[in-house]
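S.K.: Structure incoming, see below.
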Amino acid sequence: MASRVRLLALDIDGTLLRSDKTISPRTRGAIDRARGEGVRLVLVTGRRHPSARRVAEDLGGEVPLVLHNGALVVAEGSVLRCRALPRAAARLAIAAGRAAGAEPVLHCGAGGEGWLLVDAVARPSGLVGYYLERSRAEVRVVRDILDAVEAEDPIQVMFGGERSEMEALRPTLAATLGCDARIERTVYPSTGVVLLDVLHPSVGKEEALGFLRARWGIDASETLAIGDNWNDREMVASAGLGFVMGNADPDLLALGLPILPTNDEDGVARAIEEHVLR
């Protein structure tokens, strides 16, 4: 007999949120009912604290957050854990990305501040332009982020761009960094954009979720995990019940993991209704 679900672990973008960045009434209702029955909820995301916090506040109540793909864990009103990217690895990633023509964004803030450091000479387009438009309050323009690494506690180095560009950069970063860092890939099929996150080598969504499960006395078999991207793969595969959203990268869907309807078709609500609220 399957274990009772005690923990609901949800990715945010492409999973909990619809394409218009809202939570559907059906999904909100299913989550509320599950929480009312004592099921814990945790949001497990690549987002920074400021942007993830807004989603958590929309859901209401105390919602623990696994951020930066597991590098930062916020719960019970404070930062429980931060695994910063070693400065040497950050410098190597920045230099390798620049040599390949990619513009790095340095994520900092061990207290969950969500600072985004960009070079003063960076082109105001692409990933840099996105952050300048959407998160200007947390963007800090510096003369050279290589120098800034020494004065900050870097959490991750991020690159973003067209899929062909990022797929060419990924093996270069991997060869440069070796076992000194982990590279997470996030693919957005609808736009053709790919993000590469360079993180502490031990960081991952599943690893951070395991940290919280141990703290709460919950087993992986008692977890329902849902995601839509490559950075969710371990979390989904390790859960007692793990699902990939139907809107995921076709290459991820082809791996054989259980598939839900898309984020615009209440995939999360359907999983909760069937496996938690039955």
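S.K.: I'd like the projected area of the chain, averaged over all directions, using the convex hull of its alpha carbons. Report it in nm² with one decimal.
M.R.: It is 13.8 nm².
S.K.: Multiply the residue separation of Ala214 and Ala237 by 0.36 nm, subtract the distance between their alpha-carbon atoms, and state the gained length in nm to one decimal.
M.R.: 6.5 nm is the gain from fully extending Ala214 to Ala237.
S.K.: Mind ordering 85-94, 144-153 by average Cβ neighbours within 10 Å, highest first?
M.R.: 85-94, 144-153
S.K.: On full extension of the chain, what length is gained from Glu57 through Arg134, given 0.36 nm per residue of separation minus the C-alpha to C-alpha distance?
M.R.: Working: separation 77, 0.36 × 77 = 27.72 nm, distance 1.84 nm.
Going from the current span to full extension adds 25.9 nm.
S.K.: Where the only charges are on Cβ atoms (+1 Lys, Arg; -1 Asp, Glu), what is the dipole of the stretch 183-249 about its Cα centre, to the nearest 20 debye?
M.R.: 80 debye
S.K.: Another question about this same structure. If you roll a 1.4 angstrom probe over the protein chains with everything in place, what fraction of the accessible area of the stretch 143-278 belongs to carbon and sulfur, to the nearest %?
M.R.: That fraction is 49 percent.
S.K.: From the mean inverse distance of alpha carbon pairs (Kirkwood) and the Cα radius of gyration, derive Rg over Rh for the stretch 132-194.
M.R.: On the way: Rg = 14.0 Å, Rh = 14.0 Å.
My calculation of the ratio gives 1.00.
S.K.: So how far apart, in nm, are the two label points at Ala95 and Ala175 if each is 7 Å from Cα heading toward Cβ?
M.R.: Computed distance between label sites Ala95 and Ala175 equals 1.6 nm.
S.K.: Tell me, what is a quarter of the convex hull surface for the C-alpha atoms of the stretch 138-278, in nm² with one decimal?
M.R.: The orientation-averaged projected area of the Cα hull of the stretch 138-278 comes to 11.1 nm².
S.K.: Can you put Arg185, Arg123 in order of accessible area, largest first, using a 1.4 Å probe?
M.R.: Arg123, Arg185
S.K.: Oh, and also: Run the accessible area of the stretch 5-114 with a 1.4 Å probe and give the carbon-and-sulfur part as a rounded percent.
M.R.: Roughly 49 percent of what the probe reaches on the stretch 5-114 is carbon or sulfur.
S.K.: Sticking with this structure for a sec: Using the Cα centre of the stretch 72-219 as the reference point, and only Cβ charges (+1 on K/R, -1 on D/E), how large is the resulting charge dipole? Debye, rounded to the nearest 20.
M.R.: It comes to approximately 100 debye.
S.K.: Lys/Arg Cβ at +1, Asp/Glu Cβ at -1, dipole of the chain taken about the Cα centre: which of Gly178, His107, Ser3 is farthest positive-ward?
M.R.: About the Cα centre, the residue reaching furthest to the positive side is Ser3.
S.K.: Here's another thing I want to ask about it. For the stretch 60-155, what are Rg and Dmax over the alpha carbons, in angstrom?
M.R.: My reading of the Cα-based Rg and Dmax gives 14.2, 46 Å.
S.K.: Work out how much length Ala168 to Glu150 would gain on full extension: take 0.36 nm times their residue separation and subtract the Cα-Cα distance, in nm to one decimal.
M.R.: 3.7 nm
S.K.: Let me ask something else. Using the Karplus equation 6.51 cos²θ - 1.76 cosθ + 1.60 (θ = phi - 60°), what ³J(HN,Hα) coupling, rounded to whole Hz, does each residue of the stretch 46-54 give in order, writing x for Gly and Pro?
M.R.: x, 5, 7, 4, x, 7, 5, 4, 5
S.K.: Suppose the Debye formula is applied to equal point scatterers at every Cα of the stretch 1-66; what is log10 I(q)/I(0) at q = 0.16, 0.22 Å⁻¹?
M.R.: -0.52, -0.96
S.K.: Select from Leu277, Pro258, Trp230 the residue farthest towards the positive end of the dipole of the stretch 206-278; place +1 on Cβ of Lys and Arg, -1 on Cβ of Asp and Glu, and compute about the Cα centre.
M.R.: The one lying farthest along the dipole's positive direction is Leu277.
S.K.: Roughly how many Å² is the accessible area per residue of the chain, as a whole number, for a 1.4 Å probe?
M.R.: For the chain, the per-residue accessible area is 42 Å².
S.K.: Pull up all non-local amide H partners of Arg47: gap of 5 or more, or a different chain, and H-to-H distance under 5 Å with H placed in the peptide plane.
M.R.: The list, which skips near neighbours in sequence, is His68, Asn69.
S.K.: Please name which of Gly38, Val268, Leu72 has its Cα lying farthest along the dipole of the chain towards the positive end, using unit charges on Cβ (Lys, Arg +1; Asp, Glu -1) and the Cα centre as origin.
M.R.: Comparing the listed Cα positions along the dipole, Gly38 ranks first.
S.K.: I'd like the distance separating the alpha-carbon centroids of the stretch 228-278 and the stretch 22-98, in whole Å.
M.R.: Result: 18 Å between the Cα centres.
The values are calculated or read from the model by the stated rules, or taken from the named source; none is laboratory data. Keep in mind it's a predicted model, so treat the numbers as computed, not measured. Glycine also receives a Cβ, built like all others from the backbone with ideal geometry; neighbour counts cover every protein chain displayed. In case anyone asks, the SASA skips ligands and DNA or RNA and just uses the protein heavy atoms, side chains included. Shrake-Rupley method; radii C 1.70, N 1.55, O 1.52, S 1.80 Å.
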